[in-house]
Every structure is written in structure tokens, then in C-alpha cells.
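Take a look at the structure set out below.
Read-outs throughout are calculated quantities, based only on the coordinates presented, and are distinct from any laboratory measurement. Fair warning: this is a prediction, and the values are worked out from it, not measured in the lab. Cβ placement follows ideal geometry from the backbone for every residue including glycine, while neighbour counts extend to all protein chains displayed.
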Amino acid sequence: MSRCLKEMMALLLLVMLVVSCNRTQQFNKLKEEEKNLMQELQQITRRSKWYILKEKVIPEAKGYPSAANQQLYLAKEILKDLREAQYDAEAGSIKAQKKIERLLRRVRDEAGFKANNVKQAIESLTIWIKLLENIRRQQKLTKVKQ
């Protein structure tokens, strides 16, 4: 092989190594972020629901990108509705207050979050959304690795 070809191959290997290391670093950073979000989520989730979330919902989201996307879409829609209803309630809408109560019940009963008011519900949903987005980024990184 010519010297030029060998140097190009060595350079190509170096680039591939750097890219691989970068992906590994990104993945490790995402795993650490996931661990922190899981701890936060555990603190804001009722014990009876935490087990279901940890053992069924989160692994399903990790295993099936479509499940993660569906959970993410649902959480974002509830968050959006909650913010809109809060804005309308602050403007004096009684209908909006009833909608808030319904959404809070949904966040508490279906998701299992400790959400006694709009602020807590928004914080809980925001953490859940961050975790789901983290899972999606991990899925994209591992998809590229394969």
C-alpha cells in the first residue's frame, strides 16, 4: 500500500474512534441524567404507583420507541392543557377551574404523581417529560451505534 493510503486509513480510524468516544460520552451523560430524573420522579410519585412506573411503564418506554413517543405526547398535551386552564382560571373562568380539577385528578390518579395543585402537577409532568426525552435520545444513540 502506498504511504498516502495508509495515512488516510489511519486518519479514518482516528475519526471513527473519536466519533465512537463522543457517542459513548453522550450515552453515559444521558444515563447519569436518567438516574437523577428517576430519583426526582420517585420522590414525586405515590408509592403505590412508583412500582408500576418503575417496573412496567418506564421499561416499556425504553423497549418500544412508539410507547415512549405516545407517553411523551400525552404528557405534553396534559401539560399544555393545564397551563391553558391555569391562565383561564386566573382570568376568572369557573369552567377553567373545573378543568384544572379534572386534570389534577388525572395527573394524580393515572400518573400517580403527588400533585395537589397546578404548580406541583406542572413540575411532575416536566420531570416526566424530561425523562421520556432522555429515553428517546438514548434510543437514537443506540440506534446509530448498531
Next item on the list: Can you tell me the relative contact order of the chain? Whole percent, Cα pairs under 8 Å, sequence separation 6 or more.
Entry: 32 percent
Checklist line | Per-residue HN-Hα couplings for the range 18-32 [Karplus 6.51, -1.76, 1.60; θ = phi - 60°; Hz; x = Gly/Pro] | finding: 4, 4, 4, 5, 4, 5, 4, 5, 4, 5, 4, 5, 5, 5, 5
Item checked: 23 Å Cα-Cα threshold exceeded, pairs from 62/143; 29/143; 29/140; 31/80 -> 31/80
Next item on the list: Would you kindly derive the ³J(HN,Hα) couplings of the range 109-118 from the backbone phi angles with the Karplus curve 6.51 cos²θ - 1.76 cosθ + 1.60 (θ = phi - 60°), listing them in order in whole Hz, with x for Gly and Pro?
Entry: 7, 7, 7, x, 7, 7, 10, 8, 8, 4
Notebook entry, point to check: Once amide H atoms are built 1.01 Å from N in the peptide plane, which residues 5 or more positions from residue 45, or in another chain, come under 5 Å H to H?
Noted result: 114
Note to self: Can you order the peptides 63-70, 127-134, 15-22 by their average number of other Cβ atoms within 10 Å per residue, highest first?
What the structure shows: 127-134, 63-70, 15-22
Notebook entry, point to check: Just how far, in whole angstrom, is the range 62-102 from the range 39-56 if you go by their alpha carbon centroids?
Noted result: 20 Å
Next item on the list: Using only C-alpha atoms and all pairs of different ones, pull out the Kirkwood radius for the range 17-102 in Å with one decimal.
Entry: 15.8 Å
